[in-house]
Amino acid sequence: MYQVISATPSPYARKVRIALLEKGIPFELMTEVPWHGSTATPAYNPLEKLPVLVLPDGSGVYESRFILEWLEVMHPTPPLLPADPRLALAARQVEVIADGICDAVVLLFFERMRGPAQASEPWMARQRRKVEGGLRTLAQRAEAAGTGWLVGDSFGLAEIAAGAALGYLKLRFSELDWAAQYPALAALSAKLEARPAFQATVPVPQSITEAVV
Ligand SMILES: N[C@@H](CCC(=O)N[C@@H](CS)C(=O)NCC(=O)O)C(=O)O
């Protein structure tokens, strides 16, 4: 059986868990704090980041985008990418945007942890711009699709990635009222969060009790 090294708030790990659940692939969840010395993550990923998909032979597949690609190749049914290659590219582009929003929110989170005296306001403003630009682009995609989804007319990779990013914003950046600004994204997020795979993976904060080095 597969194992997934995951952290409860991680939107990247959530993408992997949702993809596995939506494809009906059994896995064992290993919940860790990637910043703690006890994490098994570096034993599998030289970049020391989770999620990691640990294969039955003990090797690791890492980087959420690559894990989803790997799962699509190894477990093509049900597909999470549209058959039309142009739509498949569009879905991957949405994943890039969604992951980029999460990357900026992670940077904001750690910058805030430095405290007001240390945190750089211009740096945080730069990250907020990325979040806002990413959301604007996702909303444009939703409106252009006009199907209630982001790409094409069915659920897939784009919606998993965007749903994980929107869920992460609710957890880490609740003061940003993107739902009021972009009703199409709010409707999409509500529809996604009602799916069993999303309900089983609602992000939860973790306490980091060791120094982040
Ligand atoms: N691009 C990576 C991002 C993964 C990532 O940043 N994971 C965080 C947890 S949410 C982590 O493990 N951070 C530890 C570190 O950066 O050393 C992916 O999609 O897998």
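The values are calculated or read from the model by the stated rules, or taken from the named source; none is laboratory data. Given the structure is predicted, the values throughout are model-derived calculations rather than measurements. As a convention, Cβ positions derive from the backbone with ideal geometry for all residues, glycine included, and neighbour counts pool all protein chains shown. Side chains are part of the model used for accessible areas, which takes the heavy atoms of the whole protein and leaves out ligands, DNA and RNA. Shrake-Rupley method; radii C 1.70, N 1.55, O 1.52, S 1.80 Å.
What the table shows:
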{"item": "Single residue of Glu22, Glu95, Glu69, Glu32 found to be in contact (Cβ under 8 Å) with a residue 12 or more places away in the chain, within 16 Å of the ligand (Cβ to nearest atom) and closer than 15 Å to Ile160 by Cα", "result": "Glu95"}
{"item": "Residues satisfying the stated conditions in region 100-148, i.e. under 16 Å from Ala179 (Cα atoms), away from the ligand (no atom under 16 Å from the Cβ) and either of a type in the set (A, V, I, L, M, F, W, C) or open to solvent by less than 30 Å² (accessible area, probe 1.4 Å) (or both)", "result": "Gly133, Leu135, Leu138, Ala139, Ala142"}
{"item": "Region 156-201, residues that are charged (D, E, K, R), in a helix (DSSP H, G or I) and open to solvent by 10 Å² or more (accessible area, probe 1.4 Å)", "result": "Lys170, Arg172, Lys191, Glu193"}
{"item": "Matching entry among Leu68, Leu50 (being modelled with pLDDT of 95 or more, more than 21 Å from Phe155 (Cβ to Cβ), touching a helix residue (DSSP H, G or I) at 6+ places or on another chain (Cβ under 6 Å) and buried (at least 22 other Cβ atoms within 10 Å of the Cβ))", "result": "Leu50"}
{"item": "Looking only at region 1-19, and only at residues there that are under 17 Å from Leu80 (Cβ atoms) and not charged (D, E, K, R), the one that is farthest from the ligand (Cβ to nearest atom)", "result": "Tyr2"}
{"item": "Of residues in region 48-62 being without any contact (Cβ under 8 Å) to a residue 40 or more places away in the chain and closer than 24 Å to Ala162 by Cβ, the one farthest from the ligand (Cβ to nearest atom)", "result": "Val61"}
{"item": "Segments classed as helices (runs of 4 or more DSSP H), wholly inside region 1-90, with at least 2 members that are touching a Phe, Trp or Tyr at 6+ places or on another chain (Cβ under 7 Å)", "result": "11-23"}
{"item": "Condition broken by Met74, with the remaining ones in (1) buried (at least 16 other Cβ atoms within 10 Å of the Cβ); (2) away from the ligand (no atom under 12 Å from the Cβ); (3) under 22 Å from Glu159 (Cα atoms) satisfied", "result": "(1)"}
